[in-house]
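Encoded as C-alpha cells, the structure appears first; notes follow it.
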Amino acid sequence: MGLALIRTDVGDRYVVEAMLREKINLGTGSGATVLEVIAAVERETGIALRVDRAGRRAGDPASLVASSSRAERVLGWHPVCSDLATIVRHAWRWEQRMAAAVQPRDQTPAA
C-alpha cells in the first residue's frame, strides 16, 4: 500500500525521488489496527479476505505509527489522502490498473 500512497498523495517525481534518497516515511500521525485495515480492504474491494488470527509474535511492537513531520520539514509535503478508506480505495485502483497493464493482449488477428 505504501507505493500506492506515494502515487496518490504525492504524484510528484521530485518528491518521490527525494523521499527515497532521504529515506523519509510518510504517515498521518494516526494509526489503524490490523483488523481495521482488513475491514477497510474488504469494504473498498468487495473481497472477503481469509484471515488467520494468531497471537502477537515476540518482538512485535504494541503499536507503530508513522509521522509526516520530517516530510513536511524536508519536502514541504503533507498528507492529502489521510483517511484509511481513501488510501485503500486509491491503492486498489492502482493495483487494478497495474494488473490490467501487464495482462497479455489477444494476439488473434481480426477476421
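The values are calculated or read from the model by the stated rules, or taken from the named source; none is laboratory data. Every value quoted in this text rests on a predicted model; they were computed, and no experiment measured them. When we count neighbours, we look across all protein chains shown, and the Cβ atoms used for this are built from the backbone with ideal geometry, even at glycine.
Any residue in the range 22-40 that's touching a residue at least 24 places away in the same chain (Cβ under 8 Å): show its pairings with residues that are of a type in the set (Lys, Arg) at Cβ separation under 7 Å, as long as the two are six or more apart or on different chains. Pairs that qualify, where the first residue is touching a residue at least 24 places away in the same chain (Cβ under 8 Å) and the partner is of a type in the set (Lys, Arg), are 24/70. Pairs are defined by a Cβ separation below 6 Å, a sequence spacing of at least 6 or placement on different chains, a first member in the range 65-82 that is closer than 19 Å to residue 33 by Cα, and a second member that is at pLDDT 85 or above and in a loop (DSSP other than H, G, I, E, B); the pairs so defined are 65/31. For residue 17, the stated conditions do not hold, so it cannot be described as surrounded by 13 or more Cβ atoms within 10 Å (Cβ to Cβ) and either modelled with pLDDT under 75 or part of a helix (DSSP H, G or I) (or both). Checking each residue in the range 42-72 for being small (Gly, Ala, Ser) and loosely packed, with under 10 Cβ neighbours inside 10 Å picks out 46, 48, 54, 55, 58, 59, 62, 63.
Among the conditions (1) of a type outside the set (A, V, I, L, M, F, W, C); (2) surrounded by fewer than 10 Cβ atoms within 10 Å (Cβ to Cβ); (3) at pLDDT 85 or above, the only one that residue 23 does not satisfy is (3). When the range 73-97 is limited to residues that are loosely packed, with under 14 Cβ neighbours inside 10 Å and either of a type in the set (D, E, K, R) or farther than 27 Å from residue 22 by Cα (or both), the one that is farthest from the chain's Cα centre (by Cα) turns out to be 73. Any residue in the range 72-86 that is modelled with pLDDT of 90 or more and not small (Gly, Ala, Ser)? Yes, that holds for at least one residue.
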